[in-house]
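Since the structure comes first, as structure tokens, the remarks are kept for the end.
Please treat every number below as a calculation from the coordinates, not as lab data. Owing to the predicted nature of the structure, the values given are computational and were not obtained by experimental measurement. Virtual Cβ from ideal backbone geometry, glycine too; neighbours counted across all protein chains shown.
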Amino acid sequence: MDFEKKPFLVTRDGGAWRFTARESLMARHVPAQRAFLSAALEAANPDRTAVVLDLSRAAVVDSLGITLVVKLQRTCRQQGVGFRVEGANPEVTRLFKVFSLNDLFGLQEA
Amino acid sequence: MAMLADGNLIPGFVAACRVHLDAIEPDLRVLEAGGAAGAEVINRVFRAVHSIKGSAGFFAFEALRRFSRQLEGVLMRVRDGALAVTSPLMDAIRAGVGHLRAMLDDLEAGDRVHADAELAILRAFQDEGPGAPVVARVGGSRARRFNLASDAVRSALRRGLHLYHARAYLHADVDARWQSPLAFLAGVLAVGECLDAFIDTSAIGDLTSDGDACIIMLFASVLEPELLPGALKLPMAQIEVLNLEGPRGALRDVIPPPPDTFAREPRQP
């Protein structure tokens, strides 16, 4: 996959893998984002203890985006690694709160 | 696919709240004047604060919801005859309404501002809290429960509203028929009161699987059951009237005294 076209920037800090979305989690991006995450997390990795989804560059999260984040959380849970969302803008944070997803996503109050 | 982070709904929410507060100014003055106020006067004030509380909860303005809920609790006691309208009480209500305005003026900051002093004054007028929680379990033991004050259910019942349990699938319903989930919720608020709502994620698997998450609502509306599918743009099969006369799960049986639990059968998406 061409790095510049990768939907996520991946960085590591110890056992924490940070996936920074390059764009909004919207219908037109979600298939590629899902494929990328699925490939990246396909196998459990003993060195990976946590996954952080960084949404600081995601202006919008739509319905498919919500579902993608839930799937990512499920995958992390299956693999026994921690999961949290960081960097969400106020509107996206509000969206998660409205639907009571903040606990599931480990969202911290500002 | 419509965008979901629908920030332009917030100004409308704030404007609607201000309309509510402006509308009750004459009623507050009547109450402050100390004359005999009819039940409808206090009812109007109550309904305004109740509406603000419901909308604030929907839009996740937690401090605003919490404060308006406390004010609503005091107004409820006045409406029910448990509290007399006195000058100290009206001072507290007036201060409460003023604080609501201040929170609306600076909503983002207001959601973080503590109102301990104002809340303490309001609590002084309440011998008891806002009622034991009504807990309704949906989707089996793994699903999140509705959790709301029983007074909210009582209030809806007293006002003759129908209670509904409704499901809206994110992709099949919300994306297909509404601009976004928040637009869907705004549409819901236009025809009734959402007592609680959450997304049931139990049908969602990992990254390799498919599945459609579902918004689940406990909803009160004056609309008759046959009108609700059109208003909410949902199939009738996804809307269930909570029959208060039913032998199982009748809400009158789950409002305190305890146990205050409303258990429902697991539902298949």
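Please figure out what share of the DSSP beta bridges in region A:3-98 is antiparallel and state it in percent, rounded to the nearest 5.
Here the antiparallel bridges make up roughly 35 percent for region A:3-98.
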Given a Förster radius of 45 Å and the C-beta distance between B:E40 and A:A44 as r, what FRET efficiency does 1/(1 + (r/R0)^6) yield to the nearest 0.05? 0.10
Given axes a ≥ b ≥ c from the Cα gyration tensor, I'd like to know whether region B:9-124 is rounded (a/c under 1.5), prolate (a/b larger than b/c) or oblate. prolate
With respect to the cross-link table entries A:K6/A:K97; A:K97/B:K233; A:K97/B:K53; A:K71/A:K97, which display a Cα-Cα separation exceeding 27 Å? A:K6/A:K97
Distant-in-sequence amide H partners of B:D196 (H built 1.01 Å from N, under 5 Å): B:L218
Which value in nm describes the separation of the simple spin-label points at B:E224 and B:R29, placed 7 Å from the Cα toward the beta carbon? 4.1 nm
